[in-house]
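Enquirer: To start, I am sharing the structure in question, which I have written as structure tokens.
Readers should treat all values here as calculations from the given coordinates under stated rules, not as data from a laboratory. Computed from a predicted model, the values in this text were never measured in an experiment. In this analysis, Cβ positions are derived from the backbone assuming ideal geometry, glycine residues included, and neighbour counts consider all displayed protein chains.
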């Protein structure tokens, strides 16, 4: 089942909680800002293990998207969480996770 997020601002946002049992195969990040590019950090994190970046400061131009396919991420009990952080307080991105 797909999950949908509208993320704004520069604060780190949790997309999938650690151990929630979600299987995902793709993530689509669409920059919905009217005129500015956004830099996106997308990463996995687990306590005592640290952060593991999928993308770090990846630029997505205005009205453009980034599609990550064949993820094969299985968030089992005690697993990693999925997080996103945008570059600026006025950044805006829609995220679809399948």
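Enquirer: Over region 3-97, what relative contact order in percent results from Cα pairs under 8 Å that are six or more residues apart?
Expert: So the answer I get is 51 percent.
Enquirer: What is the calculated FRET efficiency for residue 67 to residue 39, with r their C-beta to C-beta distance and R₀ = 25 Å, to the nearest 0.05?
Expert: The calculated FRET efficiency here is 0.90.
Enquirer: What length, rounded to one decimal in nm, is gained on full extension from residue 14 through to residue 1, with 0.36 nm per residue of separation minus their alpha-carbon distance? Show your work: numbers first, answer last.
Expert: Numbers: separation 13, 0.36 × 13 = 4.68 nm, distance 1.78 nm.
Length gained, residue 14 through residue 1: 2.9 nm.
Enquirer: Would you list 48, 68 from fewest to most Cβ contacts within 10 Å?
Expert: Working: 48 4, 68 17.
The order, fewest Cβ neighbours first, is 48, 68.
Enquirer: Continuing with the same structure: Let's test the formula: R0 of 25 Å, r as the Cβ-Cβ distance of residue 94 and residue 74. What FRET efficiency results, to the nearest 0.05?
Expert: 0.55
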